[in-house]
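**Q** Right, I'll just put the structure down here and ask away after.
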Amino acid sequence: MNLFRFAGDILHLLSILVLLLKIHATKSCAGISLKTQELYLAVFITRYLDLFWNFHSLYNSVFKVVYIGTTSMIVWYMRRHRNVKLTYDRDHDTFRYLFLVAPCAVLSLLINARYNLFEILWTFSIYLEAVAILPQLVLLQRTKNVDNLTGNYVFLLGLYRAFYILNWVYRFATEPGYSAWLVWISGLIQTGLYLDFFYYYVQAWKQSKKLQLPS
Amino acid sequence: ASGQETHDEL
């Protein structure tokens, strides 16, 4: 464990909490993609299946439970809460799950470190996490005017990924024999997806203007 | 790597 990894995990948690608190406080999920949230829930469940028998550290176990729990709450709010569900922008959140899930499933069967069920599910979760933000980015693009909290949510998520890359660089430099190609490449692709958003986020911040994405 | 894969990151 190094400081970059720790910062990454905290930023990840913070991004989820920002979203959850926004929904809870405003009783609105306008601008939030349910597709992305459900994909993240699928990512967490398939990756953290080992929670019950593969104890690594209390730190990891607590984060796993918190990530699954908080993301479940967001999905619950968006699907079931009597006021929140009315604010869900379903007409614009039309990205197809299958376009992301199917290629990730096929890829995890073809490229994995070990051919067994849990390893394949773990690999699937790595691939799926890399692209799970796409429905949210498409929704932002469509609605143009991005409210502050939604913008901050995506920014914090991107920052979390950037810190994971720093963590890998640090580990590569300090841990003999450390390598994780599958995770690195997926992680680089995932972080790359945020670059465009980052550009507009920083521009808006520099000009103290409301974040607006171009068409 | 040998044996069961260990995934120490989240």
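**Q** Students often check this: by mean Cβ neighbours within 10 Å, which of A:46-53, A:7-14 ranks highest, and how do the rest follow? Let's see the in-between values first.
**A** Working: A:46-53: 16.0, A:7-14: 18.6.
Listed from highest to lowest mean packing, they are A:7-14, A:46-53.
**Q** For helix A:117-131, report the angle its Cα long axis makes with the longest principal axis of the Cα atoms of chain A; keep it between 0 and 90° and round to the nearest 10°.
**A** The answer is roughly 40 degrees.
**Q** Among the aspartates and glutamates, select those whose C-alpha is under 16 Å from the C-alpha of A:Lys210, and discard any that sit fewer than 8 residues away in the same chain.
**A** List returned: A:Asp147.
**Q** Next question. Do you know the relative contact order of chain A, to the nearest whole percent, from alpha carbon pairs under 8 angstrom that are 6+ apart? Numbers along the way, then the final one.
**A** On the way: 243 pairs, mean separation 67.3, N = 215.
31 percent.
**Q** Tell me the mean residue ellipticity at 222 nm calculated for the protein assembly as shown from its helices only (DSSP H runs of n ≥ 4, each -39500 (n - 2.57), averaged over every residue, nearest 500). Kindly include the intermediate steps, with their values, before the conclusion.
**A** Numbers: 9 runs with 151 residues, N = 225.
That calculation yields -22500 deg cm²/dmol at 222 nm.
**Q** Among A:Tyr199, A:Val131, A:Trp181, whose Cα projects farthest towards the positive end of the dipole of segment A:105-215, with charges put on the beta-carbon of Lys, Arg (+1) and Asp, Glu (-1)?
**A** It is A:Tyr199.
**Q** Can you give the angle from 0 to 90° between the axis of helix A:148-174 and the longest principal axis of chain A, with both taken from C-alpha atoms, to the nearest 10?
**A** Relative to chain A, helix A:148-174 is tipped by roughly 20 degrees.
**Q** Something else about it: Got a sec to turn the phi values of segment A:108-113 into Karplus ³J(HN,Hα) couplings, 6.51 cos²θ - 1.76 cosθ + 1.60 with θ = phi - 60°, whole Hz, x for Gly and Pro?
**A** After applying 6.51 cos²θ - 1.76 cosθ + 1.60, I find 5, 6, 7, 10, 8, 7 Hz.
**Q** Can you tell me the dipole magnitude for the protein assembly as shown around its Cα centre, using point charges on the Cβ only (Lys, Arg +1; Asp, Glu -1), in Debye to the nearest 20? Don't jump to the answer; show the numbers that get you there.
**A** Numbers: 20 positive and 14 negative charges, 186 e Å.
With only Lys, Arg, Asp and Glu charged at Cβ, the dipole is about 900 debye.
**Q** Net charge near A:Ser215, counting Lys/Arg +1 and Asp/Glu -1 over other residues with Cβ under 12 Å of its Cβ? Please list the in-between numbers first.
**A** Values: positive: A:Arg142, A:Lys144; negative: none.
Around A:Ser215, the surrounding residues sum to +2.
**Q** With +1 on each Lys and Arg Cβ and -1 on each Asp and Glu Cβ, and nothing else charged, work out how big the dipole of segment A:1-66 is about its Cα centre, in Debye to the nearest 20.
**A** Details: 6 positive and 3 negative charges, 33 e Å.
Here the size comes out at about 160 debye.
**Q** For a quick check, take a GNM of chain A with Cα springs below 10 Å and name the residue from A:Phe55, A:Phe155, A:Phe95 with the largest mean-square fluctuation.
**A** Looking only at A:Phe55, A:Phe155, A:Phe95, the biggest GNM fluctuation is shown by A:Phe55.
**Q** Could you sort A:69-82, A:132-145 so that the peptide with the highest average Cβ count within 10 Å comes first and the rest follow in order?
**A** Values: A:69-82: 15.9, A:132-145: 18.7.
Packing order, densest peptide first, comes out as A:132-145, A:69-82.
**Q** Still on this structure: Find the relative contact order for segment A:80-130 and round it to a whole percent, using C-alpha pairs within less than 8 Å whose residues are 6+ positions apart. List each step's numbers first, then the result.
**A** Details: 20 pairs, mean separation 15.4, N = 51.
Averaging sequence separation for qualifying contacts and normalising by length gives 30 percent for segment A:80-130.
**Q** For A:Lys209, which lysines qualify as cross-link partners when the Cα separation must be under 27 Å and same-chain residues fewer than eight apart are set aside?
**A** A:Lys22, A:Lys27, A:Lys144
**Q** Here is a further query. Can you list the residues of segment A:174-215 with backbone N under 16 Å from a point 7 Å past the Cα of A:Asp89, pointing along Cα to Cβ?
**A** Only A:197, A:201, A:210-215 fall inside the zone, counting backbone N under 16 Å.
**Q** OK, next. Specify whether the C-alpha gyration tensor of segment A:124-215 places it in the rounded, prolate or oblate class, a ≥ b ≥ c being the square roots of the eigenvalues: rounded for a/c under 1.5, otherwise prolate if a/b is larger than b/c and oblate if not.
**A** prolate
**Q** Still on this structure, I have one more. Roughly what angle does helix A:3-26 make with the longest principal axis of chain A, taking Cα atoms, 0 to 90 degrees, to the nearest 10?
**A** Relative to chain A, helix A:3-26 is tipped by roughly 30 degrees.
All of the numbers you see were taken from the coordinates with simple rules; none came from a lab. Owing to the predicted nature of the structure, the values given are computational and were not obtained by experimental measurement. Every residue, glycine among them, receives a Cβ derived from its backbone with ideal geometry; neighbour counts consider all protein chains shown.
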